[in-house]
Amino acid sequence: MNLKTSDESPLGRLEAPSDTLVRQLAARLKGPALTPGTSGYDTARRVFNAMIDRHPALIIRCASVEDVVEGVGFARTHGLPLSVKGGGHSVAGNAVCDGGVMLDLSPMKGGAVDPARRVATVQTGMTLADLDRQTQAFGLAAPTGVVSVTGLSGLALGGGLGWLNGKHGLTCDNLLSAEVVTATGEVITASAEENQDLLWGLRGGGGNFGIATALTLQLHPVDQVLAGGVTYPARKARAALRLYHEFASTCPDELTTAASLSRTADGEVAVSIAVCHAGPFAQADRLLEPLRALGPESDAIQPVSYQALQQASDAGFPPGQQHYWKASWLTDLDDEAVDVMVDLVARMPSATSGVGLQQLHGAAGRVDPTATAYPHRNNRYDCLILSQWPDQAESAQNIAWTRELFDAMQPFFAPGVYVNNLGQEGELRVKQAYGPNYDRLVALKTRYDPTNFFRHNHNVQPRAA
């Protein structure tokens, strides 16, 4: 399967900007401008999914908001596609375009924490680890994702499902304001006081409306948590998944969970249940007793710093892997669905792949589906079939297995998909990602980006003029 895409202008194949134009632009930038063959170009164009192999005509390693404005103006003036890289963690690889201008925001990692107001204002080149380092110094945290090398901005603008969602909501629910560069190069603020419609759209609508260069996030007191996982042997895999659904359905807000299925070296299926209890520990042992009563073969649940928990899954995403994901929502987990997952995971071709069930509940689930652009509320699981493998020659069999499991799970899936797990799957899946909010997003796109300049994303297309 070839995930490489090409961009063409209405007049035919794109032409790279001349050396003279690039030199003139570079003289106005604080960060470097990289072209094919220059030092750092190949490193900058790489993202975590090694299946993505695209070649921008120009990469601007932005050092400031002014660099972003210059890059937007250059691409617009010369009719070039534009893509934006924050953390480069999206499986779809939207950060990298072919033949156009790529704005790499990763050098922009400045930020400030106001512990009295419990807010952080940070630039959008940060990863989750960068944010945690700043906020945990004050015993504070913003709800984010579960892998610390993830880019903060992409996660936040697509929703942000993680360990604190039960108690404090999604990342987008905690987005107070954003600095945004528009398609015309204007720098504006979206907040409760100005451009409120844009703030609504940024809370889940991704990069469709502009380039977010700074985010202001609500923080919460989070220091130590009771977290980790229990793993069950293969003979208890089905029982563990049935227990997980019963257990997760009754969790208080303070306790958020995730289950995962993996394949052992001998082809058996192991089920793990991970937890994060972000409340007083006194009641935690009683809450966790059902997980221990089933008799796990390992129990690693213990008090840890929130920062350590955020980094605990990083080793499961080694660099240079080929990635192909399929995802949807589950609101129930009956015996038939359990059988399908266990049977298919036993035949999973790559031992580094897996299936995850990440819980959304509590504070995140109680938000009205139309209150933010992110619509998927109420108790549910993000069911992610996460396939990864090291050798490109193994792509066909891994992709085929992923699709087989996804197709087999169709009778059990609820409508929609979490946009942050979405690959290049077409317009219908984008509409499913936004559900009842899609038409409002189209209207917002038409207002802020009527020419669809920002189209290297899970694209909401503006109405035709």
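The values are calculated or read from the model by the stated rules, or taken from the named source; none is laboratory data. Since this is a predicted model, take the numbers as computed values, not measurements. All Cβ positions, even for glycine, are placed from backbone atoms using ideal geometry, and neighbour counts span all protein chains on display. SASA here: full protein model, heavy atoms, side chains in, ligands and nucleic acids out. Shrake-Rupley method; radii C 1.70, N 1.55, O 1.52, S 1.80 Å.
Would you confirm, using the coordinates I've provided, whether Leu428 is aliphatic (A, V, I, L, M), surrounded by 15 or more Cβ atoms within 10 Å (Cβ to Cβ) and assigned to a helix (DSSP H, G or I)?
So Leu428 fails the test.
If you go through segment 200-210 one residue at a time, do you hit one that is over 27 Å from Asp314 (Cβ atoms), open to solvent by 10 Å² or more (accessible area, probe 1.4 Å) and within 19 Å of the chain's Cα centre (by Cα)?
So far as segment 200-210 goes, yes, one or more of its residues are over 27 Å from Asp314 (Cβ atoms), open to solvent by 10 Å² or more (accessible area, probe 1.4 Å) and within 19 Å of the chain's Cα centre (by Cα).
Within segment 122-155, how many residues are among the aliphatic types (A, V, I, L, M) and either under 17 Å from Ser177 (Cβ atoms) or part of a helix (DSSP H, G or I) (or both)?
Number satisfying all stated conditions: 8.
So which residues in segment 373-387 are over 16 Å from the mean Cα position of the chain (by Cα) and open to solvent by less than 10 Å² (accessible area, probe 1.4 Å), if there are any at all? Steps first, answer last, please.
At the first step, the residues of segment 373-387 found to be over 16 Å from the mean Cα position of the chain (by Cα) are 377-380.
Listed by number, the list holds a single entry, Arg377.
Which residue, of Met51, Met108, is among the hydrophobic types (A, V, I, L, M, F, W, C) and open to solvent by less than 10 Å² (accessible area, probe 1.4 Å)?
Met108
What helices (runs of 4 or more DSSP H), lying completely within segment 266-352, carry at least 3 residues that are β-branched (Val, Ile, Thr)?
The helices (runs of 4 or more DSSP H) meeting that bar are 335-345.
Counting only residues that are more than 18 Å from Pro221 (Cβ to Cβ), touching a residue at least 40 places away in the same chain (Cβ under 8 Å) and surrounded by fewer than 22 Cβ atoms within 10 Å (Cβ to Cβ), how many does segment 126-145 have?
Adding up the residues that qualify gives 1.
Which of (1) part of a loop (DSSP other than H, G, I, E, B); (2) within 30 Å of Thr264 (Cβ to Cβ) is the odd one out, the single condition Pro369 does not satisfy?
The failed condition is (2).
Just checking, which of Gly88, Gly31, Gly71, Gly93 is within 27 Å of Thr150 (Cβ to Cβ), open to solvent by less than 20 Å² (accessible area, probe 1.4 Å) and at pLDDT below 95? I'd like the intermediate steps shown before the answer.
Working: Gly31 fails: at pLDDT below 95; Gly71 fails: at pLDDT below 95; Gly93 fails: at pLDDT below 95.
Every option except Gly88 fails the conditions.
If I go through segment 156-173 residue by residue, how many of them are open to solvent by 10 Å² or more (accessible area, probe 1.4 Å) and either in a helix (DSSP H, G or I) or without any contact (Cβ under 8 Å) to a residue 60 or more places away in the chain (or both)?
Residues in segment 156-173 being open to solvent by 10 Å² or more (accessible area, probe 1.4 Å) and either in a helix (DSSP H, G or I) or without any contact (Cβ under 8 Å) to a residue 60 or more places away in the chain (or both): 4 in total.
Inspect all residues belonging to segment 383-398 and state whether any of them is more than 22 Å from Arg429 (Cβ to Cβ), touching a His at 6+ places or on another chain (Cβ under 6 Å) and part of a loop (DSSP other than H, G, I, E, B).
no
Just to be sure I understand, how many residues within segment 344-359 are touching a Pro at 6+ places or on another chain (Cβ under 9 Å) and either among the acidic types (Asp, Glu) or open to solvent by less than 20 Å² (accessible area, probe 1.4 Å) (or both)?
Residues flagged as touching a Pro at 6+ places or on another chain (Cβ under 9 Å) and either among the acidic types (Asp, Glu) or open to solvent by less than 20 Å² (accessible area, probe 1.4 Å) (or both) within segment 344-359 amount to 1.
Restricting attention to segment 294-311, report how many residues are open to solvent by 60 Å² or more (accessible area, probe 1.4 Å) and out of contact with any Ser or Thr (no Cβ under 9 Å at 6 or more places or on another chain).
Total satisfying the criteria: 2.
Looking at segment 324-343, which of its residues are of a type in the set (A, V, I, L, M) and either at positive phi or surrounded by fewer than 21 Cβ atoms within 10 Å (Cβ to Cβ) (or both)?
Within segment 324-343, Leu330, Ala337, Val340, Val342 qualify.
Out of Ala300, Ala237, Ala212, report the one residue that is farther than 30 Å from Asn459 by Cβ and in contact with a Gly (Cβ under 9 Å, 6 or more places away or on another chain).
On the way: Ala237 fails: in contact with a Gly (Cβ under 9 Å, 6 or more places away or on another chain); Ala212 fails: farther than 30 Å from Asn459 by Cβ.
So the residue among Ala300, Ala237, Ala212 that is farther than 30 Å from Asn459 by Cβ and in contact with a Gly (Cβ under 9 Å, 6 or more places away or on another chain) is Ala300.
Can you list the strands (runs of 3 or more DSSP E) found entirely within segment 30-121 that contain at least 1 residues being more than 24 Å from the chain's Cα centre (by Cα)?
Passing ranges, in order: 58-61, 111-114.
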